[in-house]
Amino acid sequence: MKKSTRIGILLAVLVIAVGAGLAQWLVIRNDDVTKAASGLITSVEIGGPFALTDHTGKQVTEKDYLGNFTLVFFGYTFCPDVCPTELGDIALALDELGDDSVAVTPVMISIDPERDTPEVLSQYVSLFHERLIGLTGSPEAIKQVADAYRIFYKRVDDPDYSYYLMDHTSFVYLLDPEGNVASLLRYGTSPEEMASIIRQHMRG
């Protein structure tokens, strides 16, 4: 997909999201992270094994993504603003990386398995990037991986909406090829800065 076409699609998705807002929650405290040139580095253990289903219906584990850098974001398809914004930034960061982007796998893990079936995810992830992978699973499996990554998420029933929303942590995790968290990228990190941080880790 051409970059100009991708930007057009992302803008269309974001227009739909205008006017909506979600509270941002962080389970990782400020004193759990330090700031470095290569992004935020945590002083706590994050990540771990998981068994989920991707947007094609394939059963996968964390081992399927070893060997590449991985960008992991926890979100959901009904998200009105934060998720499309963050996924759009991830897609633009991959464009910014150019040929280096083949060494980076973008992944969104759903925190709304009730609605985010593989079929729903398949339609959603294709709006952002042709290599974006959507993962879902049972509520128990999602809770396990969310706990491992210290993700907060909670269903919110708002009378202003005909459907429920989800409050959730909005970090993007950069994993190294061994599956370790190399950096945390806060919501609002620009695609250019995101690409620069990834390049720094690629160069060791």
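Which residue, of L174, L132, is within 20 Å of L71 (Cβ to Cβ), surrounded by 13 or more Cβ atoms within 10 Å (Cβ to Cβ) and out of contact with any Pro (no Cβ under 8 Å at 6 or more places or on another chain)?
L174
From the set of residues in the stretch 34-79 that are touching an Asp or Glu at 6+ places or on another chain (Cβ under 6 Å) and polar (S, T, N, Q), which is modelled with the highest pLDDT?
In this case the residue turns out to be T77.
Yes or no, residue by residue, for (1) among the charged types (D, E, K, R); (2) in contact (Cβ under 8 Å) with a residue 12 or more places away in the chain; (3) not in a loop (DSSP other than H, G, I, E, B):
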{"residue": "L92", "(1), (2), (3)": "no, yes, yes"}
{"residue": "D158", "(1), (2), (3)": "yes, no, no"}
{"residue": "E178", "(1), (2), (3)": "yes, yes, no"}
{"residue": "S183", "(1), (2), (3)": "no, yes, yes"}
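So which residues in the stretch 186-195 are surrounded by 17 or more Cβ atoms within 10 Å (Cβ to Cβ) and assigned to a helix (DSSP H, G or I)?
Matches in the stretch 186-195: P191, M194, A195.
Of the residues that make up the stretch 105-124, is at least one in contact (Cβ under 8 Å) with a residue 60 or more places away in the chain, in contact with a Leu (Cβ under 7 Å, 6 or more places away or on another chain) and either not aromatic (F, W, Y) or not in a loop (DSSP other than H, G, I, E, B) (or both)?
no
Determine which single condition D147 fails, assuming it passes every other condition in (1) in contact (Cβ under 8 Å) with a residue 60 or more places away in the chain; (2) under 16 Å from the mean Cα position of the chain (by Cα); (3) loosely packed, with under 14 Cβ neighbours inside 10 Å.
(1)
For the stretch 135-144, which positions are in contact (Cβ under 8 Å) with a residue 24 or more places away in the chain and either surrounded by fewer than 22 Cβ atoms within 10 Å (Cβ to Cβ) or outside any strand (DSSP E or B) (or both)?
Hits for the stretch 135-144 are G137, S138, P139, A141, I142, Q144.
With the condition kept exactly as written, say whether any residue in the stretch 63-82 is touching a helix residue (DSSP H, G or I) at 6+ places or on another chain (Cβ under 8 Å), under 17 Å from Y173 (Cβ atoms), in a loop (DSSP other than H, G, I, E, B) and not acidic (D, E).
Yes; the residues of the stretch 63-82 include at least one that is touching a helix residue (DSSP H, G or I) at 6+ places or on another chain (Cβ under 8 Å), under 17 Å from Y173 (Cβ atoms), in a loop (DSSP other than H, G, I, E, B) and not acidic (D, E).
So if I check each of R115, R155, R131, which one is among the charged types (D, E, K, R) and farther than 15 Å from H55 by Cβ?
On inspection, the qualifying residue turns out to be R155.
Considering only the stretch 181-193, I want to know if a residue exists there that is of a type in the set (D, E, K, R) and modelled with pLDDT under 95.
Yes, that holds for at least one residue.
The values are calculated or read from the model by the stated rules, or taken from the named source; none is laboratory data. Given the structure is predicted, the values throughout are model-derived calculations rather than measurements. Because the Cβ atoms are built from the backbone with ideal geometry, glycine has one as well, and the counts that use them run over all protein chains shown.
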